[in-house]
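Down below is the structure, laid out as structure tokens.
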């Protein structure tokens with residue numbers, strides 16, 4: 001049943017930052033140096049393995065031909081084959097019939113436009129114009145609309161947000177954290193803002209520099225050069241590759257350090273293009289944040305994955321799951337292990353979490369480490385898939401000396417999330433959320449801009465009780481996992497939509513640990529945003545940008561009116 005949500009009580013809304021909190025100590029960068037070095041060497045080794053997997057090492061002509069081939073001979077026939085063969089099953093279901101055909105038709109033209117746009121963007125002339133702009137503004141394309149999202153010292157409220165979020169994530173079941181219970185769910189504004197910022201930050205990998213690193217690794221391999229000397233030392237080729245990777249991730253490391261965090265890329269997700277999974281942590285606080293990078297705005301094949309509705313059986317890795325979006329699932333759990341790359345992304349991620357957790361336990365004197373997960377767009381989809389496995393199998397991340405779990409999987413905050421699987425997956429996800437601790441159930445908060453094309457326009461009949469009669473073999477029969485929080489056009493109103501099946505009458509509260517209802521910091525988007533948000537269809541994609549999510553999220557406060565979106 002859908003929840004009946006209500007505003008939080010006055011004492012919850014008014015809790016301020018005056019409660020005692022530990023401050024972030026200086027000099028955190030002096031701790032875990034050996035761990036960071038180990039993870040960087042691991043990244044060098046991994047990039048060397050995956051350097052030939054994807055279009056990242058191709059020139060403009062070869063990459064364009066590769067994308068065109070994928071569109072004409074992979075995506076197009078697959079999409080239309082599944083659509084046309086499902087139509088006979090929908091002949092007595094006119095809504096399903098019309099929607100399946102219409103969506104395939106529209107996505108065909110949207111992707112064709114994406115293919116053309118991607119080819120134009122990669123032109124050397126276009127890059128020669130863009131690169132100086134990017135360097136001058138010190139920002140990537142994904143966050144160009146609002147670079148100030150990462151400012152720390154310039155806005156005192158960011159420090160308050162950071163300190164409150166660190167405190168909550170270090171003790172998520174403590175009094176200060178105001179944790180969710182079996183009777184109500186609490187959406188934490190400070191934690192959501194920190195994780196939204198990190199979801200945007202992983203877009204700041206310099207894709208051009210990363211492709212240069214992949215090319216360097218590719219040519220070094222052709223010359224039969226080794227990257228590691230033994231298990232621990234880098235060769236000259238390895239040190240050269242590491243320098244290139246450090247340049248590619250320079251902005252991420254810079255911002256992370258300003259916010260009091262270490263950063264390491266813990267998986268390149270088996271490709272040389274742009275997806276990644278990064279880990280953020282502070283040695284003195286017992287939490288790890290995993291952030292999955294979203295869709296590159298000009299990477300054609302990543303958009304093709306988002307718009308591919310190909311089922312695969314998810315039960316091998318996701319207990320209780322049935323039909324899962326194949327593109328998202330295979331990114332973490334490839335069904336054909338590529339021995340050429342040696343990469344199995346989920347294993348890489350969980351091994352890194354295990355290593356980081358051991359070090360955090362030693363420096364924070366904690367018996368366990370709390371794991372939070374986040375992502376935007378494609379990154380949100382990957383975060384959902386990862387989180388589904390993590391909550392069902394927390395022993396994957398190591399055990400303590402007395403046999404307990406080393407990592408406690410806590411909440412996930414995902415932004416602009418696509419559909420993941422069929423309604424059976426939602427049931428399995430809900431069961432896993434309630435298996436470990438009924439007093440403090442886990443929550444995957446799926447934050448959605450109400451106009452977002454990726455989060456609201458993809459086929460999701462499995463979400464809608466009025467459309468659940470559609471055949472389960474239909475490409476429309478996908479659903480989201482997690483509890484939706486919709487950010488509406490009216491910034492004083494927040495909606496919750498479908499997802500986790502909370503009991504009827506369950507309150508969903510917005511909570512803050514700061515004064516003034518937790519709203520802020522103040523965001524002023526550039527004037528052209530006003531125009532783009534009023535152009536039909538374009539405004540749907542503008543609403544998907546990280547900058548748009550940050551703008552809406554910072555305007556939410558604990559006193560916002562909250563209600564259930566009843567049309568779902």
Looking at the square roots a ≥ b ≥ c of the eigenvalues of the Cα gyration tensor of the range 157-281, which shape do they give, rounded for a/c under 1.5, prolate if a/b is larger than b/c, or oblate? prolate
At a 10 angstrom cut-off on C-beta neighbours, averaged per residue, how do the peptides 72-85, 363-376 rank from highest to lowest? 363-376, 72-85
With label points set 7 Å from each Cα along the Cα-to-Cβ direction at residue 435 and residue 84, the distance between them in nm comes to 4.2
Computed over the range 263-389, the Cα gyration tensor eigenvalues, each multiplied by 5 and square-rooted, give semi-axes in Å (largest first) of 27, 16, 14
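For each of 133, 420, count neighbouring Cβ atoms within 10 Å of the residue's Cβ, then give the residues from fewest to most.
So the ranking, lowest neighbour count to highest, is 133, 420.
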For the range 316-331 versus the range 208-282, the gap between their alpha-carbon centres in whole angstrom: 28
Spherically averaged projected area in nm², based on the convex hull that wraps the Cα atoms of the range 29-141: 12.2
Quick one: grab the alpha carbon gyration tensor of the range 113-169, order the square roots of its eigenvalues as a ≥ b ≥ c, and give me rounded if a/c is under 1.5, else prolate or oblate depending on whether a/b is larger than b/c. prolate
For the range 352-465, take the convex hull of the Cα atoms, compute a quarter of its surface area, and give me that in nm², please. 8.2
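Read-outs throughout are calculated quantities, based only on the coordinates presented, and are distinct from any laboratory measurement. Because the structure is a prediction, the values reported are computed rather than measured. Here Cβ is always computed from backbone atoms with ideal geometry, including for glycine, and neighbour counts include all displayed protein chains.
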